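Nothing in this text is a laboratory measurement; each read-out follows from the coordinates by a stated rule. Everything quoted here is computed from the prediction, not taken from an experiment. Note that each Cβ is placed from the backbone with ideal geometry, even for glycine, and that neighbours are counted across all protein chains shown.
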Amino acid sequence: MITLKEMTTKKEMKQFVQFPFSIYKNNPYWVPPIIKEELDVLNKEINPAFENAEAFFYVAIQNKKIVGRIAAIINWYEVKNQQIKKMRFGWFDVIDNIDVTKLLIQKVQEIGKKNKLTYMEGPVGFSNLDKVGVLTDGFDHIGTMVTWYSNPYYKEHLEQLGFIKEKEYLENKFKLSKVDGPYYERISNLIKRRFKLKSLNFSTTKEIMPYVNEMFDLFNKTYVTLSSYVPISENQIDYFKKKYINFINPDFIKFVVDESGKLVAFGIMMPSFSEALQKAKGKLFPFGIFHLLKAKKNPKTVTSYLIGVDPEYQNKGITAIIFSDFTTSFNAIGVETVIRTPELEDNNAIHQLWKNFDPQTHKRRRTYKMNIKDYPVK
């Protein structure tokens, strides 16, 4: 018999977070989170995403053991302001038993129905900045700290239950040796002269901090035209400052400003913490922090996290400045490979941006959708 339990206490939430450690115990491609940080993400007292979102956390239990988990999420900004009647689900992990998945999804459906929502989509997080999708290809490639890993049967379970593809994401990577540094340097100088722009490069985190709020304002401005985009609040900006900025090597943040000092573009890349997180095994102390600091200082692989360009400057070649600055910094410290975070398959603009770097698609992932009234399948 399989039963469901809602997880609410600190002890229960720790069990919720730790469950995937049992599923992926011997998987060399899974990247575990830091348990404390994951608990903070799911804590409504800490994560400002809960200003606009509501979440319910469930586990499936069989023979007194946890055999599955799921988070049922409602983003009320999305529902009320954008009129998108979506019931989200994420943090989805299960053993290979479709009855477990069926029961977990049924709970998501019940909550969606109760709140008069129209359809379910997942796996997704609270907003656009969270992890997304189940893997459909590339199971033999190591994950990243900003993506979920998933077993091949996750996709199979959802499809057997009647879910259909909603969004397809590609994960690409390229060798830095494929980037024509001198070419981008020439284009960069040309663009700077034409539009009276200049680069800002940093050597310390302290130098970056005065620009972070402006950077997130520009991020909102860049992506606001996307139909599903949920703006980042002031409290979320402060949260991301504390959570991420200190972990990013200052060499990995590049800004472009106009002649008045206004920010018009930015790029953020992060060292690959994948192997360091595997060694940390979910804990910062006593030794996990040393693995992460080492990865921050001497990375051979980096992950492209965010790029933003003021709409006024889009399609004017501004990203050449960012690419040139990154190439110079990365060559100096020996970076070899750049991995891009999941990008929508039909986002032609972003694919055009990277086309000259000979990118290789090494992973695919997708979210699945189903009308609430159509579940459960008979």
10 Å Cβ shell holding at most 16 others, DSSP loop, chymotrypsin sites (Phe, Trp or Tyr not before Pro): longest site-free stretch of the chain: 30-138
Folded to 0 to 90 degrees: helix 288-297 orientation relative to the chain principal axis, Cα: 30
Extension reserve of the K373-D96 stretch, reckoned as 0.36 nm per residue once the Cα distance is removed: 97.2 nm
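What's the exposure ranking of M270, M7, going from fewest to most Cβ atoms within 10 Å? Could the numbers behind the result be given before it?
Details: M270 24, M7 21.
Final ranking by Cβ density, sparse to dense: M7, M270.
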Label point distance in nm, E45-W76, each placed 7 Å from Cα along Cα→Cβ: 2.0
Nearest 10 degrees, 0 to 90: helix 234-244 Cα axis against the chain principal axis: 80
Under the Karplus curve 6.51 cos²θ - 1.76 cosθ + 1.60, θ = phi - 60°, whole-Hz ³J(HN,Hα) for region 152-165, x wherever Gly or Pro sits: x, 6, 4, 4, 5, 4, 4, 5, 5, 7, x, 6, 10, 4
Separation of alpha-carbon centers, region 224-300 and region 5-63, rounded to whole Å: 22
Per-residue ³J(HN,Hα) for region 340-347, Karplus 6.51 cos²θ - 1.76 cosθ + 1.60, θ = phi - 60°, Hz, x for Gly and Pro: 9, 5, x, 10, 4, 4, 8, 7
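Here is the link list: K131/K281; K64/K113; K165/K192. Which ones come out longer than 31 Å on Cα distance? Don't jump to the answer; show the numbers that get you there.
On the way: K131/K281 20 Å; K64/K113 29 Å; K165/K192 42 Å.
Too far apart for the 31 Å limit: K165/K192.
Shape verdict for region 175-364, please, from the Cα gyration tensor: rounded (a/c under 1.5), prolate (a/b greater than b/c) or oblate.
On the way: a/c = 1.45, a/b = 1.27, b/c = 1.14.
In terms of gyration-tensor shape, rounded.
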Label of the coordinate-derived value, Cα extents along the principal axes in Å, listed as (i) 91, 57, 42; (ii) 69, 61, 36; (iii) 68, 46, 37: (iii)
0 to 90° range, to nearest 10: angle between helix 319-333 axis and the chain longest Cα axis: 90
Non-local Lys pairs in region 288-378, i.e. 8 or more apart or on different chains, that have alpha carbons under 29 Å apart: 10
In sequence order, calculated HN-Hα J values of region 126-137 (Karplus, 6.51, -1.76, 1.60; Hz; x Gly/Pro): 6, 7, 5, 8, 8, 5, 8, x, 9, 5, 10, 7
Sorted by Cβ density within 10 Å, fewest first, the residues M87, M215, M209: M209, M215, M87
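What shape does region 261-378 have by the C-alpha gyration tensor, where a ≥ b ≥ c are the square roots of the eigenvalues, rounded means a/c under 1.5, and otherwise prolate means a/b greater than b/c and oblate the rest? The partial results should precede the final answer.
Values: a/c = 2.08, a/b = 1.08, b/c = 1.94.
Oblate, since a/c reaches 1.5 and b/c is not below a/b.
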Relative contact order of region 175-364, defined on C-alpha pairs under 8 angstrom at six or more residues apart (%): 29
